[in-house]
Structures are given as structure tokens and as C-alpha cells.
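Report on the following structure.
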Amino acid sequence: MTVTEEQPEESDGNMAPRNTTGRKIFHWNTRSVALVALATFLVGLFSSWNYHKKYPPGTWESDFWADASGYYVYLPGFFCHGFRAAGMSDSLQHATGDAFNLDRGKDRILDKYSIGPSLLELPFYLIAEGITGRCATNGFSVTHQRSMEAGGMFYWVLSLVLLGLALQRLHPAAWWVPVATFALITFGANLFYYVLRMPGFGHIYSFFALVVAFYAMVTGLLKDGRKNWLFSFACALVLLIRPTDAIAIAGLHLWLLWDRPSLLLKWSFWLRHTVAMAIVWAPQLMYWRYVHGSWFVYSYGHETFVNWRSPFIAEFLFAPWNGWFTHAPVLLLIPFGFMSMYRQGLKRQVWMIIGALAITVYLCASWWDWQFGCSYGSRPLVQYLVFLALPVWLLLAKQGRGAARARWFWLPLLLVLAFVNYRNMMEFPSCFFGEHAWDWGTYGRNIAKAMGLE
């Protein structure tokens with residue numbers, strides 16, 4: 001990294017740095033960032049492979065089970081079977097958690113899950129096929145499993161690099177700020193669980209796609225046509241992976257309305273969105289047409305937001321059974337981070353984040369299964385850590401002697417809590433086996449076991 005004295009800047013319409021106080025800015029050195037990213041990927045990949053060797057394909061704790069296999073089956077289903085059921089065995093369906101169905105009568109592979117994650121898994125699937133030979137296995141081999149784990153780690157590292165570049169653009173900070181920020185949102189919440197433990201569940205791909213959209217919005221819109229296209233394609237991919245994340249995309253567009261209203265008045269902006277949506281959604285629409293005979297299908301059947309009149313909001317947020325706050329100690333910082341955003345002139349963005357989270361929490365708490373099955377924390381909120389990284393970053397970068405003294409107190413404490421959460425993620429038994437949602441005894445025993453105290 002190089003260090004220069006910051007000069008006051010005027011906004012260039014591309015979210016220029018807002019801190020014009022004349023303090024030092026640390027500019028990222030491309031080679032250093034690349035080396036750190038590579039080292040992080042390799043260490044993470046070794047950890048992932050070392051962990052998953054205990055759970056081969058066909059075991060319920062493997063990362064080819066349930067939702068993960070539902071997202072993934074599009075790849076062997078298309079490349080090796082043309083989505084025909086004849087080439088797949090019932091035993092394979094059962095060995096992967098019955099996440100997809102085989103319609104023998106119509107000879108179709110039926111999958112309720114989005115095709116979005118498989119589009120990002122595709123390069124790593126092809127690598128595995130190159131190693132094993134085209135369709136030489138059932139597509140769920142150990143080699144394919146290792147390749148998918150590499151994909152999850154790759155998209156996590158790339159997400160952090162892009163998110164760091166975006167946040168550095170918004171508010172330049174010293175080198176340790178991104179390190180601490182990413183440590184807190186990765187290990188102080190449930191992000192790493194869906195990077196290392198359950199990379200196939202789709203949440204790391206939602207996180208990555210939203211990071212790309214945020215990065216493109218912050219660093220290049222108006223000036224760089226390629227960033228305009230990148231923003232449109234990323235938004236389309238976010239919607240494809242999890243349609244309820246339209247709320248997050250609406251939040252980004254609201255930010256654009258405040259920051260660059262002229263952009264939203266250009267017909268070319270919406271034309272790019274339309275083209276990107278058509279291209280990104282085409283595989284999903286064609287699959288539905290081929291399998292169901294209709295271009296648009298609600299594939300989840302009777303699984304709906306049946307609790308909309310009495311949502312389980314308290315449980316979704318605070319219960320020891322997959323509650324958000326009980327599995328994300330970094331959230332303790334967010335109110336103080338929002339105060340820092342206020343002081344930086346990002347008041348409307350604070351309310352955008354709060355509003356997007358409130359609507360998403362209501363929807364998730366209204367879902368028929370508010371716990372979202374065997375998971376760690378409130379997993380539909382993983383991708384919203386993209387937004388929450390901003391208040392954490394600003395709080396860490398806060399200047400002044402008083403802020404520095406306070407940071408010496410709370411930052412070590414939060415890092416310790418993040419470490420405890422990391423250990424809990426690594427030792428969590430995949431499901432919360434408590435007697436009810438508010439079983440604090442089981443929650444405490446899980447943490448004690450993770451820390452070697454039981």
C-alpha cells in the first residue's frame with residue numbers, strides 16, 4: 001500500500017470519497033491485494049477440504065445434501081441427462097436428501113430450486129468433469145464435491161476484494177480497517193458457515209452477486225459502460241438466485257435515486273436491465289418450459305408465507321434456534337455504525353438499510369418454516385451483510401483520540417466474540433436439536449462444546 005495526503009474532493013457523481021478532512025489515505029497495491037487474496041483462498045480451501053473429508057457424498061452432513069443438491073443438480077441434470085429422469089437412479093435422489101424429484105412418467109428431473117447458484121457453480125463443475133471425465137460419474141462424486149467447495153471459497157474471497165474496493169471508494173481507510181471489517185462480518189456472523197460448511201446452499205452466491213452490484217454502483221456507473229452492464233447483470237442474478245432479494249435491489253436503486261437521479265431517467269439504463277434480465281433468466285425459463293410446459297412456475301407448491309398475519313419475528317431474530325442476533329455478535333456494532341453513517345451524510349442510506357431489513361425480516365418470519373430447516377442463524381439474511389459492512393467500516397475508521405480509545409475496548413471484545421462464533425460454526429451439529437425455539441440450555445451447551453468446555 002502507498003500513503004498520500006488526501007485533498008478535498010467534490011462529488012463526481014460516482015460516490016467519491018466523502019471524508020475530505022485532509023487525513024492520510026491508504027491506496028491499495030494490486031500485487032499485495034492479490035497475494036493476500038490468494039493466500040486467504042488457499043488457507044480457506046485447505047480448511048474446507050480438511051473439514052469435508054469427514055462427510056463424503058451420501059451423508060446428511062455433506063455439502064451435497066438437501067438444498068445444496070437441489071441447486072446443484074441442474075449441472076449434471078443438463079450436461080449428462082438433458083433433464084431426463086431415465087439416466088438418474090432413485091438411490092441417487094435419496095442419497096442427496098430428496099431435494100429433487102424424478103418424474104418417471106414424463107421422464108423429467110423436477111427441481112423446485114433456482115438455477116441461479118448453478119450458473120456460478122458451472123466453472124467448477126466443468127473442472128471436476130475435466131478431472132473425472134465427461135459424465136463418467138453420477139456428478140456427485142468426491143471430486144465434484146471438492147470442486148464445489150473450491151467454488152464457495154473462491155466467490156467468498158472475490159466478494160471481499162470487491163467489497164473492500166467499494167468501501168474504500170466510499171470512505172478511504174487504513175489497511176487494518178478492511179481486515180477487521182471482513183473478520184467481523186465473516187466470523188462474527190453466519191457468513192463463513194455458508195462459505196465453508198454449506199457452500200452449496202446458495203447464500204455465498206447471493207452474497208457475491210449483491211457485492212458485484214454494490215461494487216459496480218459505487219465505482220463506475222455513469223462513467224464506465226462496462227460497469228453499467230455489470231450492475232444490470234448482477235441485479236438480474238441476485239433476483240434469479242432468490243427473488244425475495246428484490247428488496248435489496250430496490251434498496252440499491254433507491255440509493256441511486258438519491259445520489260444520481262439523472263441515471264434513472266435514462267432509457268438506456270432500463271434497456272440494459274431488460275436485456276440482462278432476459279439473458280440471465282433465460283435458462284430458468286427454458287427449464288420451466290421444458291419440464292412443466294409453462295414459462296413461469298411457482299415451483300415451491302404449498303410452501304408459502306402462511307404466517308403473514310402472525311410472523312415469528314421475535315424467534316427469527318432472537319431465538320437460540322437459528323435466531324439472527326444469537327448467531328451474529330457483530331450486530332452489536334450496527335447501531336453505533338449507523339450513527340457514524342449519519343455523521344458522514346448517509347442518513348437516507350441508514351433508513352434504506354433498516355427498511356430493507358425490516359421488510360425482509362417480516363417476509364422470512366412469515367415463511368411456513370421460519371427456522372429455514374437445518375441452518376446456522378437466519379440464513380436468508382446472509383447477503384444483507386453486504387449492506388451492514390458499511391456501518392462497521394465507518395465505525396472502525398472513525399477518527400479522533402476518543403474514538404481510538406473506545407476502539408481499544410470494544411474491538412478486542414468483538415473479535416473474541418467473533419472467535420467464539422467461529423468455533424460454534426465449526427462445531428455446530430448442522431441442526432439445532434433443542435426441544436423448542438427458546439431452548440437456551442441447548443444453545444449454551446453447543447457453545448460450551450465448541451469451546452472445549454464440555
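Observations, loosely collected:
- When residues of the range 48-72 are limited to those that are more than 15 Å from SER147 (Cβ to Cβ) and crowded, with 16+ Cβ neighbours inside 10 Å, the one farthest from the chain's Cα centre (by Cα): TYR55
- Evaluation of ASN421 against (1) more than 27 Å from CYS235 (Cα to Cα); (2) buried (at least 21 other Cβ atoms within 10 Å of the Cβ); (3) among the polar types (S, T, N, Q); (4) touching a Cys at 6+ places or on another chain (Cβ under 8 Å) (one fails), failing number: (4)
- Residues being touching a His at 6+ places or on another chain (Cβ under 9 Å) and outside any helix (DSSP H, G or I) - total across the range 187-216: 3
- Pairs where the first residue, in the range 159-177, is among the charged types (D, E, K, R) and the second is in a helix (DSSP H, G or I), C-beta under 9 Å, 6+ apart: ARG169/TYR215; ARG169/VAL218; ARG169/THR219
- Long-range neighbours under 7 Å by Cβ, at least six apart or interchain, first residue aliphatic (A, V, I, L, M) within the range 390-419, second not in a helix (DSSP H, G or I): LEU394/HIS171; LEU394/GLN344; ALA397/HIS171; ALA397/ALA173; LEU414/GLY188; LEU417/GLY188; ALA418/GLY188
- Residue that is nearest to GLN383 (Cα to Cα) [pool: residues in the range 297-332 that are β-branched (Val, Ile, Thr) and touching a residue at least 24 places away in the same chain (Cβ under 8 Å)]: VAL330
- You will find that of LEU184, LEU165, the residue that is crowded, with 23+ Cβ neighbours inside 10 Å and not in a loop (DSSP other than H, G, I, E, B) is LEU184 and no other.
- Failed item in (1) over 21 Å from LEU191 (Cα atoms); (2) modelled with pLDDT of 95 or more, with GLY402 passing the rest: (2)
- The single condition from (1) touching a helix residue (DSSP H, G or I) at 6+ places or on another chain (Cβ under 7 Å); (2) crowded, with 20+ Cβ neighbours inside 10 Å that LEU45 fails is (2).
- Only one of the numbered conditions (1) under 22 Å from VAL330 (Cβ atoms); (2) surrounded by 13 or more Cβ atoms within 10 Å (Cβ to Cβ) is not met by PHE409, and that is (2).
- Filtered residues of the range 291-314 (kept if touching a helix residue (DSSP H, G or I) at 6+ places or on another chain (Cβ under 6 Å), in a loop (DSSP other than H, G, I, E, B) and surrounded by 12 or more Cβ atoms within 10 Å (Cβ to Cβ)): VAL297, PHE305, ASN307, TRP308, PRO311, PHE312
- For the range 109-123, the set of residues classified as buried (at least 19 other Cβ atoms within 10 Å of the Cβ) and either free of Cβ contacts under 8 Å to residues at least 40 places away in the same chain or in a strand (DSSP E or B) (or both) consists of ILE109, ASP111, listed by residue number.
- Any hit, the range 262-280, residues being assigned to a helix (DSSP H, G or I), within 20 Å of the chain's Cα centre (by Cα) and buried (at least 19 other Cβ atoms within 10 Å of the Cβ): yes
- Filter result for PHE336 (free of Cβ contacts under 8 Å to residues at least 40 places away in the same chain, under 23 Å from VAL416 (Cβ atoms) and surrounded by fewer than 22 Cβ atoms within 10 Å (Cβ to Cβ)): no
- Within the range 439-454, considering residues that are surrounded by 15 or more Cβ atoms within 10 Å (Cβ to Cβ) and in contact with a helix residue (DSSP H, G or I) (Cβ under 8 Å, 6 or more places away or on another chain), the one nearest to THR326 (Cα to Cα): TYR443
- A single entry from ALA173, ALA189 fulfils the requirement of being over 20 Å from the mean Cα position of the chain (by Cα) and crowded, with 23+ Cβ neighbours inside 10 Å: ALA173.
- Of all residue pairs spaced 6 or more apart or on separate chains, those with beta-carbon atoms under 9 Å, a first member in the range 35-53 that is closer than 19 Å to TYR422 by Cα and a second member that is of a type in the set (S, T, N, Q) are HIS52/SER62; HIS52/GLN145.
- Looking only at the range 73-103, and only at residues there that are of a type in the set (Ser, Thr, Tyr) and within 27 Å of ALA282 (Cα to Cα), the one that is surrounded by the most Cβ atoms within 10 Å (Cβ to Cβ): TYR74
- Pairing each residue of the range 272-290 that is touching a residue at least 40 places away in the same chain (Cβ under 8 Å) and hydroxyl-bearing (Ser, Thr, Tyr) with any residue that is surrounded by fewer than 18 Cβ atoms within 10 Å (Cβ to Cβ) and part of a helix (DSSP H, G or I), provided the two are 6+ apart or on different chains, yields no C-beta distance under 6 Å.
- Pairs, first on the phi > 0 side of the Ramachandran plot in the range 60-74, second surrounded by fewer than 24 Cβ atoms within 10 Å (Cβ to Cβ) and part of a loop (DSSP other than H, G, I, E, B), C-beta under 7 Å, six or more apart: ALA66/GLY97; ALA66/ALA99
The values are calculated or read from the model by the stated rules, or taken from the named source; none is laboratory data. Quantities reported herein were computed from a predicted structural model and do not represent experimental measurements. Don't worry about glycine lacking a Cβ; one is built from the backbone with ideal geometry, like all the others, and counts go over all protein chains shown.
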